[in-house]
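S.K.: Okay, here's the structure, questions in a sec.
Throughout, read-outs are computed from the coordinates displayed, never taken from laboratory work. All figures in this text were calculated on a predicted structure; none of them were measured in a lab. Cβ atoms come from the backbone with ideal geometry, glycine included; neighbour counts cover every protein chain shown.
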Amino acid sequence: MMKIVIIKNQSKRLNSFIDWLIHMFGYALVLIAVSLIFKKTIYIDDSYFGFWGLVSAILIYVLNKTIKPILVWLTLPITGLTLGLFYPFINVFILNIVDFILGSHFEIGGILMSFVVAICISIMNLLMSALIIEPILRRNS
């Protein structure tokens, strides 16, 4: 006797390269837009045809995939006590790490500007998920 098992609630995922490409485009778009709007408070070196903007987007993506889950786990009690209001500060911390790593090629002036960029990146992540990634996954099902 042969049994066939069908798993209905299996979550679908996007190809990791396509996911990476979509997020790189989104991060680069947000960083360029914010640096053009707030010219005096955020600076991205535009030498080498935007190479440093791409490097900063890659660093933000890598840090979001590696360090952010650890930071979320470590700050879970604080986030719970503040009812989730501390969560954006994790993105601020990641942006400040990128600022430290890239030195003079990527500079954010002040904690308020880091907070504005972190909120823009969070909104971009929500919009990318809702408008691009989920329709692709629904179409392929």
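S.K.: Note down the relative contact order for the chain as a percent, whole number, built from C-alpha pairs under 8 angstrom at least six residues apart. Intermediate values should be presented prior to the final figure.
M.R.: Working: 108 pairs, mean separation 44.7, N = 141.
Relative contact order of the chain: 32 percent.
S.K.: Assuming 1.306 mPa s and 10 °C, estimate D for the chain with Stokes-Einstein, Rh taken as the Kirkwood radius over Cα pairs, in µm²/s.
M.R.: 94 µm²/s
S.K.: At 7 Å along the Cα-to-beta-carbon direction for both Lys65 and Leu126, put a label point, then send me their distance in nm to one decimal.
M.R.: In this crude label model, Lys65 to Leu126 measures out at 2.5 nm.
S.K.: Among the aspartates and glutamates, which have Cα under 19 Å from the Cα of Lys40 when same-chain residues fewer than 8 positions away are ignored?
M.R.: Asp99, Glu107
S.K.: Apply 1/(1 + (r/R0)^6) to the Cβ-Cβ distance of Lys40 and Phe93, taking R0 = 30 Å, and write down the FRET efficiency to the nearest 0.05.
M.R.: Details: r = 23 Å, r/R0 = 0.76.
The value I calculate is 0.85.
S.K.: Related question: Loop only per DSSP, at most 15 neighbouring Cβ atoms within 10 Å: give me the trypsin sites (Lys or Arg not before Pro) in the range 15-104, ordered by residue number.
M.R.: Lys39, Lys40
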